[in-house]
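Right, one structure below, let's go through it.
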Amino acid sequence: MTDIYSLLGVLTSIELKDVLDILIVSVIVYFLLKFLAGTRGWQILIGLLFLLSVWLLAKILNLNTLEWIFENLWSIGIFALFVIFQPELRRGLAKLGEKGIFRFFSSTNKKIIDDVIRACLFMAERKIGSLIVFERNVDLTNYIEGQVKLDSEVSSELLITIFTPQTPLHDGAVIIKEGKIAYARAFLPLTLSSDIPQNVGTRHRAGIGISEETDAVALVVSEERGEISICVDGKIYKGLDILGLRKKLYKLLGVEKPTTFEILRKKLRREKNEVKKAS
Ligand SMILES: Nc1ncnc2c1ncn2[C@@H]1O[C@H](COP(=O)(O)OP(=O)(O)OP(=O)(O)O)[C@@H](O)[C@H]1O
């Protein structure tokens, strides 16, 4: 009976600020779990929950040595978590900036994206490997190495020339920044994730890596399979066709979708050119 009274006492003493407090914590926990779901962090979280259960069991069963070990390990564990989750934390902070006042203002336009897609299709057909990265909010210069500064207009011809094998700039990635080809031959951080497909090599790992650590969007053309993929938020989207590629890039880079009128006009122009070529 006294238990019921004390429970009632607790319930009646709950104020609006307590409800708000619980609500905020629930939202943070929800987004944290959503953010970690399917990542390396998820497996670590499951491991931590297991250790927590062992610690609680040790406490309940009075297993002094085990309890002592756990209590002394927690403080080191907190520091270890910051080190282990460093990429996730960096990505999270970058994302906060993306949603805030520093919202990405796109200097990339439809022409630039179409030129990049045209270059990728050309290279995919001929199995020329390439890696093109679009910078968004996060400055990529802190994440890349060995780059050669170009600061050139984006054109499909220049992109194809850069990635043509046995030329000095073909290795590494091209970085598109503020609507320009800012750098070529840039080396990017490789992902360490074990959640990516088995047959993925270093070019793809570099594309996933930069999208994991920053908010950049990376386009990869596979030299082996002639397949085009997009990497964003540490995930890779493979086997996209031209329409899927264009739609995704327009959306990710803050460019409006083409209107039905524009699609029809392009289609008509293409057909006209084909007729002209045939006659
Ligand atoms: N850290 C890096 N940053 C940027 N580019 C890289 C990096 N590491 C490797 N590359 C590029 O990837 C090329 C090697 O690709 P590799 O064959 O290992 O990858 P892949 O993902 O299997 O791609 P593909 O399907 O094109 O063969 C290198 O020649 C280099 O141009």
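The values are calculated or read from the model by the stated rules, or taken from the named source; none is laboratory data. As the structure is a computational prediction, the values presented were derived from the model and not from experiment. Here the Cβ positions follow ideal geometry from the backbone for every residue, glycine too, while neighbour counts run over all protein chains shown. Note: accessible area is taken over every heavy atom of the protein model, side chains too, but ligands, DNA and RNA are not part of it. Shrake-Rupley method; radii C 1.70, N 1.55, O 1.52, S 1.80 Å.
Observations on the structure shown:
- For Ser194: the one exception among (1) touching a strand residue (DSSP E or B) at 6+ places or on another chain (Cβ under 9 Å); (2) away from the ligand (no atom under 12 Å from the Cβ); (3) open to solvent by 10 Å² or more (accessible area, probe 1.4 Å): (1)
- The single condition among (1) open to solvent by 10 Å² or more (accessible area, probe 1.4 Å); (2) of a type outside the set (Gly, Ala, Ser); (3) within 10 Å of the ligand (Cβ to nearest atom); (4) within 16 Å of the chain's Cα centre (by Cα) that Asn199 does not meet is (4).
- Search result, residues across region 132-157 that are out of contact with any Phe, Trp or Tyr (no Cβ under 8 Å at 6 or more places or on another chain), closer than 19 Å to Ile208 by Cβ and not aliphatic (A, V, I, L, M): Phe134, Glu135, Asn142, Tyr143
- Gly234 meets the stated requirement of being more than 8 Å from the ligand (Cβ to nearest atom), more than 14 Å from Leu249 (Cα to Cα) and crowded, with 21+ Cβ neighbours inside 10 Å.
- Residue count, region 202-219 (criterion: within 14 Å of the ligand (Cβ to nearest atom) and part of a loop (DSSP other than H, G, I, E, B)): 2
- Scope region 118-151; condition open to solvent by less than 30 Å² (accessible area, probe 1.4 Å), over 12 Å from Ala182 (Cβ atoms) and part of a helix (DSSP H, G or I); matching residues: Ala119, Cys120, Met123, Ala124
- Condition check for Lys277: farther than 21 Å from Ile112 by Cβ, out of contact with any helix residue (DSSP H, G or I) (no Cβ under 8 Å at 6 or more places or on another chain) and at pLDDT below 95: yes
- Looking only at residues in region 172-188 that are more than 7 Å from the ligand (Cβ to nearest atom) and assigned to a loop (DSSP other than H, G, I, E, B), the one that is surrounded by the most Cβ atoms within 10 Å (Cβ to Cβ) is Gly179.
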